[in-house]
Amino acid sequence: MSLPEITRAAAKWRNKKLTSVSSSLLPAFGKVTGEGSLKLKRFVIAPYDRRYRIWQTFLVVLVVYSAWSSPFELAFKKVASGGLLPVDLLVDAFFALDILLTFFVAYLDKSTYLLVDDHKKIAFRFATHLGFPMDVASTIPFQTIFQIFDGKKQEDDIFGFLNLLRLWRLRRVSKFFSRLEKDTRFSYFWTRICKLICVTLFAVHSAGCFYYWLATNYHTADNTWIGSNVTNFQERSIALGYTYSMYWSVVTLTTVGYGDLRAHNTGEKVFAILYMLFNIGLTAYLIGNMTNLIVHSVARTFAMRDAINDILRYASKNRLPEGIKEQMLAHLTLRFKTAELQHEEVLEVLPKAIRSSIAQHLFHTTLENTYLFKGVSEDFLVQLVSEIKAEYFPPKVDIIIQNEIPTDFYIIVSGAVEVVTYENGIEKFLSKLVSPELFGEIGVIFNTPQPFTVRSKRLSQVVRISHHHFKQLVQPLKADGKIILSNFLQHLKGIEKEKLQQIPLISELLSDLYSEVGTVSKGQNHEGQRQEGNRIPRMSGTLPTRIIIHGYHPHDKPNEGGIAGKLIHLPDSVEGLLAIAEKRFGKRGSTILTADGSQLEDLGAMRENDHLYIV
C-alpha cells in the first residue's frame, strides 16, 4: 500500500472514530484527538480511548441484564437465592471493577474545556459526586453478605428491594442511546425505534413483576388477581407465573382490558390505577416519538407536494400556457430529486477550503477541457472553480432566452443542449452542444444581449459562472486574460456561417478588435503550439472596455437623423482612438472631450459604457 493510500485510510479511520464521540468528551481547540496524540499522565485513561469505549459498551449489556433481573428477583424470590445468584455476583464484580477504573479516567473541566489528568483531582471529583455512593450501593451484594454472616439462605423482601438499586445503572443505557443517535454510522430512525422498544419492554416487565409480588404478599391468595384464576399459584412453576404477569401487563398497557385478570383487593386496585395513569404518559411518549420519526422521514415529500400544488394554483390563476407549466413542474421535481447533490445548506456550513476542494474534485477536469480556458494557469482554474455553481435542468427547459441581459455563462458537465433562434416568430435550430462545451459566453464577453436561446435536450448538469465574478477574477491576471481572449477569438473564427449571421454586431465588434491590435509574428495557441500570424489584442486590461464615441461637441445637440454614437472597444492610445473615430465619422478629430466638456488626457480613466466626444 502506498503512502497516500495509508494516509487516506488513517484519516478515514480517525473520522469514523470521531463520529461516535460525544461532544462533551471532545478536547478544546488546539488539542488533537486520537490515540498517542494526547499525552496524559501515567495510569490515566482518556475518556474517548477506543478500549475504554468498548468496555463501556460491554457494561451496557450487563445493565440490560440488571434491568431484567432486579424486578424479576423481587417477584420470584427463589431465583434470587438460586440459579441467578452466581450471575448476579459476576455482574456486580464487573461494575465494582468499573468503579475502580473510574478513579483513573480523565475528565473534561467544563470551565476550561481541557482534560484533567491529575490523579487527586480525578479521585476527589468522583468520590464527592452523587453517583459514587449510588454506584457503590448498587454493586454491594447485600443478600450474599448477610448469608455469609448468618449461614442461611435469605429470601426476605428487603433484599429484593435492595436489588432494585441496580436500576441506577440504567443511566448508562440512556447515555448509550444518546451516543448512537449522534453516531452517523447508525440509522437515527432505527436507533430511536430500538430505544422505544426497550422502554416499552422494561415498563411491561417491571409492572408485571411488581403486580405478581403484590399477589404473593397478600394474606389471602384466593383474593388476588392471579389466585382467583390459578389455584396454589405460588407452588406452580415460575414460567406460569411470569406468563400470567406479562399477559396482564400487556393487556393493561394496550388498554384492551379483557376482564379475565382484574384487581381483587385494594392494593391491586391502587397499583392498577397508578399503572394505567403511567400508561397514558408512556403511550403519549411512544406516539409522539413515532409521529416525529415518520413526519421527519416524509417531510421532503410533503414540501414537494405543497410546492407542486402552489405551482398548479399559480399557473391556473394566471392562465399560463401548458408548456410553461410543464417546465415549471419538471424543474421543481428535479430540484427535489437532486437536493442531496446540490444542497446549498450543506455546503454553506463547511469551511471555504473544504468547499473549494469539493468543487476541484467535481469540476476541475471539465473546466480544464473547455476551449475558453485551455492554456490558462492552474491558479486561475483553482480560483474559478471555487466560484462556480452547479445546476440541473430537466429536458426541454430554456436555460438562456434570446435577447435577455447576460449575467452568467454555462459549461455543460453532462447531458446536451440545443441552440435555437427565432426569425419572424419561427424557431430555427442551429446546433447541439455537449460536454465540455459552453454557452452564453458571447453575450457575457461582448456584454450584449444573448444572441441565442439555449434549451436542454435531455437531463443536463451544468455549472454556472457569474459574469461579475469572472470579470473580477480575470482583471488582475493579465496573462490568463489574453489567453482567454485569444481562445475566444479563435472560437469565433470557427463558428458556422449560419450561426454567425444571427449575431448582427459580431462582425463589427471583431473588426474593432482586430483594428485595435498589433500583429504578433509568432504567437502561441491554447494547446502550446507555435503558429504564425496569431493576432492577440494589445490592451491595458485583460478584457476590452467598451465605450461610446460621438462626432460632435458634448454641448451641441446632434441634428435629427444625424450620425448616432458608435460602440467601440477602447484602444491603448489616444492616436488609436482618433483613428477609429476618423474611420467611423469620416472626419479627423484632434481633441477628445468627456460628457461634461473636459478634455481627456488619459484613456486609463475610462470605464465601461462611458461617452467620449471627438471634435
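All conditions in (1) at pLDDT below 90; (2) under 25 Å from Leu329 (Cβ atoms) hold for Arg455, with the sole exception of (1). Only one entry in Met246, Met328, Met276 is in contact with a Ser or Thr (Cβ under 7 Å, 6 or more places away or on another chain), in a helix (DSSP H, G or I) and not aromatic (Phe, Trp, Tyr), namely Met276. Taken over the range 98-115, the criterion of being β-branched (Val, Ile, Thr) and either open to solvent by 30 Å² or more (accessible area, probe 1.4 Å) or on the phi > 0 side of the Ramachandran plot (or both) is satisfied by Thr102, Thr112. Taking the range 370-429 and the strands (runs of 3 or more DSSP E) fully enclosed by it, the elements with 2 or more residues that are under 15 Å from Phe470 (Cβ atoms) are at 408-414. When every residue of the range 439-462 is checked against the conditions, none turns out to be part of a strand (DSSP E or B), more than 28 Å from Pro351 (Cα to Cα) and open to solvent by 40 Å² or more (accessible area, probe 1.4 Å). Filter the range 240-263 for residues that are within 17 Å of Pro71 (Cα to Cα) and surrounded by 14 or more Cβ atoms within 10 Å (Cβ to Cβ) and give the result. Of everything in the range 240-263, those that are within 17 Å of Pro71 (Cα to Cα) and surrounded by 14 or more Cβ atoms within 10 Å (Cβ to Cβ) turn out to be Gly241, Tyr242, Tyr244, Ser245, Met246, Tyr247, Trp248, Ser249, Val250.
The residue that is farthest from Ala215 (Cα to Cα), among those in the range 271-282 that are open to solvent by less than 80 Å² (accessible area, probe 1.4 Å) and in contact with a helix residue (DSSP H, G or I) (Cβ under 8 Å, 6 or more places away or on another chain), is Leu282.
Checked against (1) open to solvent by 80 Å² or more (accessible area, probe 1.4 Å); (2) of a type in the set (D, E, K, R); (3) touching a Lys or Arg at 6+ places or on another chain (Cβ under 9 Å); (4) at pLDDT 85 or above, Lys16 passes all but condition (4). Please work out if Ser237 is out of contact with any Leu (no Cβ under 8 Å at 6 or more places or on another chain) and crowded, with 16+ Cβ neighbours inside 10 Å. The answer is no for Ser237. With respect to (1) under 53 Å from the mean Cα position of the chain (by Cα); (2) modelled with pLDDT of 90 or more; (3) of a type in the set (S, T, N, Q), the lone exception for Thr255 is condition (2).
The values are calculated or read from the model by the stated rules, or taken from the named source; none is laboratory data. In this text, all values refer to a predicted model and were calculated from it rather than measured experimentally. Backbone-built Cβ (ideal geometry, glycine too); neighbour counts: all protein chains shown. These area figures cover heavy atoms from the full protein model, side chains too; ligands, DNA and RNA do not enter into them. Shrake-Rupley method; radii C 1.70, N 1.55, O 1.52, S 1.80 Å.
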